[in-house]
Each structure stands twice: as C-alpha cells, then as structure tokens.
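To start, the structure itself, in structure tokens.
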Amino acid sequence: MTEKDFILKKTNLSSLNKGSFTWKSPSNIALVKYWGKSEPQIPKNASISFTLNNCHTTTSLEFSKKEKPNKDYSIQVIFEGEIKDNFKPKIKKFFKRIEKYIPFITEYDFVIKTKNSFPHSSGIASSASGMSALALCLISIEKELNPEITQEYLLKKASFLARLGSGSAARSIEGEIVVWGEHKNINNSSDLYGIKFPKKIHKNFNNYQDTILLVDKGEKQVSSTIGHNLMNNHPFAQQRFDQANDNISKLKEILQIGDLKAFVNLIESEALTLHAMMMTSNPYFVLMKPNTLKIIEKIWEYRKNTKSNICFTLDAGANVHVLFPEKEKEKVNLFILNELIQYCQNNHYICDTVGAGASQK
Ligand code: DP6
C-alpha cells in the first residue's frame, strides 16, 4: 500500500454531529531498535518489538461539530483529570501531519481525555501508547463516517497515522510481535505502518516476561527527535542501519526455532549498540546511570551461575527492561526482588508481559 491509499475518499460528514470513542493502547519494547529517520517519519531501518500488556494509555476522544467552521484545530487536552495546555503543540503538530489523510479533523471541537497505567514520571515513554490510542480514536470516527472500511484497513491506517505522531507508536496497535519498516525478508513489511510478525512464533516466546526496572524516573535527557537527528551525520550510521536489518533477519529465525541463547545475545547487543550510537554521536550522550550498569553486571553474573535465559534491553534512557521466558518466572522474580530492586529509584519496578495489542473500550 502507498500513502495515497490512506487518503480518505468519500464520507458523509453530515451524518455525525458528535460522539466519543475510547481506546486502550499498549506501550511496546523494541528488540531491534529504530534509531534514525527521515521525513515524514520514515525509519532508516526496520525495527521489531514486543507489544506490552500492563503499560498502556487509555484515551477518550469526544468530538462535536464546530458551530462556525474554520481551518483551525480545536483541541482540549485533559491528562489524568487536569487540563494540560502544554500537550497541545505536539498534538497540533500531529494533526497537521495527518490532516491530509483524515480531513474531517478541522470540522470538530475535540476534547482528549487521557491517562496512563504507569506513573507519569517513570521514564517510560508514553508517546507510543499515547499516539496509538489517539490514532485509533480518530480511525473510529473514520469508520463511523465510512462503515465499509475493513478491519484490516482500519488497523493499518491506525498504525500509519500513529507513526506520524511517533515512529514507535506504529508498533503499538497490534500484538504480540510487530515489525515496522520495509525489510526484504519480511513479507508485506512497510515503512508506512507496522505489521504483525508474519510467521509462527515458537512456544518459548509465549507470554514472555518484561520487568521494567525504574532506575531513573527523571525527564528524558535527550528527546527522541534530537536522538534520531544525531544519526544524520553519524560516522557509523550506515553500518548501524545495515546491522539492524541483518539482526531482523536473524531474529526472524530465532523467533521461529525458539533459540533462547541466540535471542539473549542479539537483544543485548541491540541495546548496547543503541547506547553506543548515542555515545559516539556529536554531541554525545551517556544515558545509562551507574545503577544501569550494576543491573547489567548482576544479570550477567546470574546468567553465568544459573544458565538462565534472562537478558536485558534498554530504550533511550537509564531504565532496564529485564526479559525472560515465562517458565523461569518464579526463579527470576526472586532474583529481581533480592538483587536488582535495590538499584531502582525508590525500589520501583513494573512487571509486564507480552500483550495482544490495543482494544476499544
Ligand atoms: C530508542 O518513536 O520515540 O525507543 O518517531 O521521534 O517519536 P519519534 O521517536 P520514538 O523513538 C523510539 C526510539 C527507541 C527505539 C524504538 O522504540 O525502536
């Protein structure tokens, strides 16, 4: 599908004066990372992620026909019960990008009521779950205006719109493993939207666990936009994009044959490479904290001593996602509790698992 296929053709706008839709949309954790993009939100390499289950955003979008039509966006944002005018610029920028595809957004006054299942200042990015939930609410309006659209189209377009809000949000519509970005070995993959991993996944990866250790709950030091831009003149950029695409091919096999050892190796290498890219850009950043490294060392020690398949991944921050198979849950949870929680800010952590994707409420 091309961009043109996402432009809304015919609608019967007069049929819909007001209403409200609510969607719950999950966060996701990348296994092969997206880091580097070009306009408009086109990734430099394909990425693949686990959709999460417990970390999610619930958004209600209330809409009513404007009394006097104009070309402006009329938006009010209420986050966890409080009016948040500082959220508006990001949403207006998003609306500007998507107006071409859903022109009805200028016809309504919108009230966006949104809340996260995870604490606001937890260092967990809410852009993936937030933008995907909002995109799904908007797509529900399109569906109302144009009931013939299929479920398949609806999900693709929701991912397409979400991507224009935040790249990783394209991977937060469906579960359980999603690929975003065109890749020669993944049929039907696209730079424009995420697709479900198209092969059967080995049972070793069923209900995979992700315990998120909140090492630093402060504001992000580097916004993802700045981070992605750093890849533009980065000396290792092309090698990194090639490596990520190779890793997708490798992971495709690993997920099908259930090779946990190879999974551990690839996932940790991806996490450290993402941070290596930040350390070797100019300006340079170190986003890991001393406790991030303490946790990594402990995980390596535990793995050596127990032959566990525990591993870690990181996003663009200091928090650590600890990944492990469901059948190791009891033992690994004890290890986390006894040995790792001490390195978290206020001992805070979140237990999550791979999830099935967004749902309408
Ligand atoms: C390190 O999706 O937050 O988490 O497209 O600018 O909104 P924008 O970036 P964003 O970048 C995510 C970067 C990452 C890796 C990943 O999720 O693949």
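Observations
- If only residues of segment 312-350 that are acidic (Asp, Glu) and farther than 18 Å from Phe50 by Cβ are counted, the one that is surrounded by the fewest Cβ atoms within 10 Å (Cβ to Cβ) is Glu330.
- Any hit, segment 27-43, residues being in contact with a Ser or Thr (Cβ under 8 Å, 6 or more places away or on another chain), away from the ligand (no atom under 14 Å from the Cβ) and closer than 17 Å to Tyr208 by Cβ: no
- Test: residue in segment 244-256 that is at pLDDT 95 or above, of a type in the set (D, E, K, R) and touching a helix residue (DSSP H, G or I) at 6+ places or on another chain (Cβ under 9 Å): yes
- Hey, Ser126 within 22 Å of Val354 (Cβ to Cβ), open to solvent by less than 10 Å² (accessible area, probe 1.4 Å) and either in the same structural domain as His56 (by TED's automatic domain parsing) or within 13 Å of the ligand (Cβ to nearest atom) (or both) or not: no
- Here Glu67 fulfils each of the conditions (1) open to solvent by less than 70 Å² (accessible area, probe 1.4 Å); (2) free of Cβ contacts under 8 Å to residues at least 12 places away in the same chain; (3) more than 16 Å from the ligand (Cβ to nearest atom) apart from (1).
- Restricted to segment 197-311, the set of helices (runs of 4 or more DSSP H) holding at least 3 residues that are open to solvent by less than 60 Å² (accessible area, probe 1.4 Å) and within 16 Å of the ligand (Cβ to nearest atom) comprises 224-230, 237-257, 260-279.
- Remark: Lys184 matches the filter, which requires a residue to be more than 28 Å from Val286 (Cβ to Cβ) and in a loop (DSSP other than H, G, I, E, B).
- Failed item in (1) touching a His at 6+ places or on another chain (Cβ under 9 Å); (2) closer than 19 Å to Val32 by Cβ; (3) in contact (Cβ under 8 Å) with a residue 60 or more places away in the chain, with Leu214 passing the rest: (2)
- Leu192 vs. criteria open to solvent by less than 50 Å² (accessible area, probe 1.4 Å), within 15 Å of the ligand (Cβ to nearest atom), at negative phi and in a loop (DSSP other than H, G, I, E, B): yes
The values are calculated or read from the model by the stated rules, or taken from the named source; none is laboratory data. Because the structure is a prediction, the values reported are computed rather than measured. No Cβ is skipped: glycine too gets one built from the backbone with ideal geometry, and neighbour counts run over all protein chains shown. For accessibility, only protein heavy atoms count, side chains too; no ligands or nucleic acids. Shrake-Rupley method; radii C 1.70, N 1.55, O 1.52, S 1.80 Å.
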